[in-house]
């Protein structure tokens, strides 16, 4: 079943009150409080996550951890990241905010350059190996990978990924900048997901 | 929307080999046969899911089967004793003396890959057409129901493919 949920900037998203969709498209402005609020609510929609897998492209694992600070306790949740480094962002930037790697609260797998096959197999491998449920995947972001790959290729990639999320019983959300794409892009990508959450109209 | 490809095209000029392969497949899959390179290439339409080439008897190169036609989704099984063609050039390679069971297992896997490719393409094309402005219309409802049905089938087929096959097909590698 596919649904749309529109939530205002300052309200809490109500995704948890629905039957739990496996794959949610989170369409909010890239810089907005709603993006962070939705992300935190989607991370914890099934209660405290046992495992969180973060995917980062333009952001860094450190930035994501900072955003999740009020929602995730690294001492009780297993954290890992699949981090894409590329020309626009170096591996050094990827570790920004994580501090000393020996004491970092998360495992980070670096993927050099935008290689969708490597990215996909690494994510599915982590989904299959995760031992602490509920397992939550935060993909940040589709806007970033759409700068490297065609819309059709991303669409096909996401079909494999969303299938694997559902098969493994995980819960995933995928960020996309609601101001960064034509309406047609959202209409094309939305059917891949069980549900779309978006910010309220006050930003428009 | 065209029908999903499901036909296996068996290409061999050796009648005994042709019979061995078709007998291994015919109770499970629709099979057509070709006896030479020209008829094989001419038979590659959108109904073909797998083309099984007996490379010892048919003078074909793997490149000759690599068309730019976006309406075809067939996978290539190469049956050869010389092993000069690799899985990088085609989709699967078996020894010409492979058992009927080995051929059937490989063909069924390739047929699933072809079906997945067709579903991914069909799903994308329907999604990319865009929503009707009148979301209450029968057309809009039909489109949404069709998208949901294809997505369910995509997930069902994906569950039968390993990660390597699924990403290979999705990313056209």
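Throughout, read-outs are computed from the coordinates displayed, never taken from laboratory work. Just so it is clear, the model here is predicted, and its values are computed rather than measured. Backbone-built Cβ (ideal geometry, glycine too); neighbour counts: all protein chains shown.
By counting other Cβ atoms within 10 Å of each Cβ, how are A:69, A:35 ranked from fewest to most?
On the way: A:69 10, A:35 22.
With the sparsest Cβ surroundings first, the list reads A:69, A:35.
May I ask for the angle, rounded to the nearest 10°, between helix B:100-128 and the longest principal axis of chain B, with both axes built from Cα atoms and the value confined to 0 to 90°?
30 degrees
Obtain the radius of gyration and the Kirkwood radius of the protein assembly as shown from its C-alpha atoms and give Rg over Rh.
Working: Rg = 23.4 Å, Rh = 22.6 Å.
When Rh is taken as the Kirkwood radius, the ratio is 1.04.
Sort A:59, A:48 by Cβ crowding within 10 Å, fewest neighbours at the top. Each step should come with its number before you reach the end.
On the way: A:59 23, A:48 12.
Exposure proxy ranking, most exposed first: A:48, A:59.
Over segment A:96-189, what lengths in whole Å, largest first, do the semi-axes of the equivalent ellipsoid take, defined as the square roots of 5 times the eigenvalues of the alpha-carbon gyration tensor? Walk me through the numbers on the way to the answer.
Details: eigenvalues 119, 62, 34 Å².
Each semi-axis is the square root of five times an eigenvalue, giving 24, 18, 13 Å.
Please give the average number of partner chain Cβ atoms lying within 10 Å of the Cβ of each residue in A:117-125, rounded to a whole number. Let's see the in-between values first.
Working: counts 7, 1, 1, 5, 4, 0, 1, 4, 1.
Mean inter-chain Cβ contacts per residue within 10 Å come to 3.
Plugging the Kirkwood radius over Cα pairs into Stokes-Einstein for chain B, at a temperature of 4 °C and a viscosity of 1.567 mPa s, what D comes out in µm²/s? Write down the numbers at each step before the final one.
On the way: Rh = 17.1 Å.
Roughly 76 µm²/s, to the nearest whole number.
Binning at 5 Å from 0, report for segment A:147-204 what percent of all alpha-carbon pair distances ends up in each bin.
Calculated over all Cα pairs of segment A:147-204, the distribution is 4, 14, 27, 26, 16, 9, 4, 0 percent.
Hey, could you get me the Stokes-Einstein D for segment B:23-112, Kirkwood radius over alpha-carbon pairs, 4 °C and 1.567 mPa s, rounded to whole µm² s⁻¹? Could the numbers behind the result be given before it?
Values: Rh = 13.3 Å.
Estimated diffusion coefficient is 97 µm²/s.
For the residues A:26, A:138, what sequence is obtained by ranking on other C-beta atoms within 10 Å, fewest first?
Details: A:26 28, A:138 25.
By the 10 Å Cβ count, ascending: A:138, A:26.
What is the P(r) of segment B:66-159, as percent of Cα-Cα pairs per 10 Å bin from 0?
For segment B:66-159, the pair-distance distribution reads 14, 32, 26, 15, 9, 3, 0.
With everything on Cα atoms, drop me the angle between helix B:15-25 and the longest principal axis of chain B, reported from 0 to 90° to the nearest 10.
It works out to around 40 degrees.
Place a point 7 Å from Cα of residue B:160 in the direction of its Cβ. Which residues in segment B:25-42 have their backbone N less than 20 Å from it?
Those under the cut-off are B:25-32.
On alpha carbon coordinates alone, what is the Rg over Rh value for segment B:13-63, Rh being the Kirkwood radius? Could you put the intermediate results ahead of the total?
On the way: Rg = 10.8 Å, Rh = 11.6 Å.
Rg divided by Rh gives 0.94.
Could you work out the pair-distance distribution P(r) of segment B:88-131 from its alpha-carbon pairs, with 5 angstrom bin width and percents rounded to whole numbers?
All Cα pairs considered, the percentages come to 5, 19, 17, 17, 13, 9, 9, 5, 3, 2, 0.
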